[in-house]
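Structure first, commentary second.
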Amino acid sequence: LNRRLAEFGTTIFAEMSALALSTGAINLGQGFPDTDGPEEVREAAVRALRDGRGNQYPPGPGVPELRAAVTAHQQRRYGLSYDPDTEVLVTAGATEAIAAALLALLEPGDEVIAFEPYYDSYAACIAMAGGRRVPVTLRPHEGEGRFRLDLDELRDAVTDRTRLLLINTPHNPTGTVLTREELAAIAELAVERDLLVVTDEVYEHLVFDEAEHVPLASFPGMRERTVTISSSGKTFSFTGWKVGWVTASPELVTAVRSAKQYLTYVSAGPFQYAVAEALSLPESYFTDFRADLLAKRNLLAAGLEEAGFRVFRPSGTYFVTTDIRPLGETDGFAFCRGLPERAGVVAIPNAVFYDHREQGAPFVRFAFCKRTGVLEEAVRRLKGVC
Ligand code: PMP
Ligand code: GLN
């Protein structure tokens, strides 16, 4: 393994899911649903396979049906107009979109500012692209009970070497959804310092309570400098299909596509037709999905509180970050490594998402995209031993 990647090893998700399998523990670690997405969307995939749509190399930018569905979704939901022929690129999940965007847009030595804790592929992809990551730490805010961005710290992190802001909202793992005001400030900074922005919005439909997801591309001066990334994995509960997409200006899409064509060339065909149908589902699909997840968030958050954790109630995503210090614990790694034996539950130590590991040490993440009975059993187990 070369020096760029040596520090990364096996992803925490593979390690913890293997631990769940070997111990038989309930897996609230890796974020994947234990119920597949809508039947009619699965049927659409079967139809595409059977009818020979996408069984041979599909078009490089993605099949026209999916590109049209993506642009219709951006227009309908956010009033953002994109040209399906020049401003959309279908990717192998959001993961490839992130990799291709960074590989396409960074010169060696360029600085990339990303929130810490960050989704783990960000650090590895910045490294593969030869960039330098500059983390800005989201910290728990006592009054608000959420992890919050310090805008002054973000401004101070920008240097003459900064090329790009890598934003994620709703944010994995903290569940923070950036407010309109925070996003406006980020947009102003990007314009003022002439920065590119790559924004990972894969949890765009998973927002709760009063929180609202606002795409960064919708702020003044942002459309032309922003690469927006989303994916069918989270919104439609098909994490195994690996269908994601990018929307951006023609110049930025062409750049990202230049990298993508030598990573995977094209993305798997039949699922693209099915995701096109998924994006066109009636609004009730999205509201019902959100309501179901909200009930699960409430169940798990209340259960973890009763078990003695300090809970940061997420406004978005399907993750709850907790603080284990009220349990008399300080090391999330040790806690998560011991939890399957002790309680029959798997969780993720947030420290893996930090450069400043000590900042993340007491935080542990639980996923709630699981059946109600599974969450109830996990809570029962945790209350028994924590
Ligand atoms: N970004 C974030 C913040 C994520 O949580 C995930 C999924 N774990 C991804 C990207 C990757 O999405 P995909 O499965 O579509 O590659
Ligand atoms: N995004 C998911 C998570 O954060 C898992 C993705 C993965 O396994 N790479 O848990």
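Computed from the coordinates by the stated procedures, all read-outs in this text should not be read as laboratory data. Everything numeric here is computed off the predicted structure, so don't read it as measured data. Note that we place each Cβ from the backbone using ideal geometry, even for glycine, and neighbour counts take in every protein chain shown.
A few remarks follow.
- Summarising the label geometry, the points placed 7 Å from Cα in the beta-carbon direction at Thr35 and Asp51 lie 2.8 nm from one another.
- With a simple spin-label model that places each label point 7 Å from the Cα along the Cα-to-Cβ direction, the separation between Arg337 and Leu263 comes to 3.2 nm.
- Based on C-alpha pairs under 8 angstrom that are at least 6 apart in sequence, the stretch 13-130 has a relative contact order of 15 percent.
- Local electrostatic count, Gly62, Cβ distance below 14 Å [Lys/Arg +1, Asp/Glu -1]: 0
- Sorted by Cβ neighbour density within 10 Å, fewest at the top, the residues Met128, Met222: Met128, Met222
- Placing a label point 7 Å from the Cα of Thr330 along the Cα-to-Cβ direction, the residues of the stretch 353-371 whose backbone N falls under 11 Å from that point are 362.
- Unsatisfied cross-links (Cα-Cα over 23 Å) in the set Lys260/Lys370; Lys242/Lys296; Lys234/Lys296: Lys260/Lys370; Lys242/Lys296
- Charge tally in the Cβ shell below 13 Å around Thr179, where Lys, Arg are +1 and Asp, Glu are -1, Thr179 excluded: -3
- Overall shape: oblate for the stretch 254-335, with the ratio a/c of the largest to smallest alpha carbon gyration tensor axis at 1.5 or above and b/c at least equal to a/b.
- Charge sum, other residues only, whose C-beta stays under 15 Å from Arg257's C-beta, Lys/Arg counted +1 and Asp/Glu -1: -3
- Stretching the chain fully between Arg42 and Glu305 yields a gain of 91.0 nm (0.36 nm per residue, less the alpha carbon separation).
- By average C-beta atoms within 10 angstrom, highest first, the peptides 372-382, 51-61: 372-382, 51-61
- Available extension along the chain between Glu210 and Arg76 is 46.2 nm, counting 0.36 nm per residue and deducting the alpha carbon span.
- Net charge dipole, the chain: roughly 880 debye, given to the nearest 20, about the Cα centre with Cβ charges of +1 for Lys and Arg and -1 for Asp and Glu.
- Distance between modelled label sites at Thr254 and Leu281, nm, 7 Å Cα→Cβ extension: 3.7 nm
- Net lengthening on full extension, Arg139/Thr10 (0.36 nm per residue, minus Cα-Cα): 43.8 nm
- Among Ala184, Ala18, Val352 the positive-end extreme of the charge dipole of the chain (Cβ point charges): Ala18
- In the chain, the inverse of the mean reciprocal separation of distinct Cα atoms equals 21.2 Å; this is its Kirkwood hydrodynamic radius.
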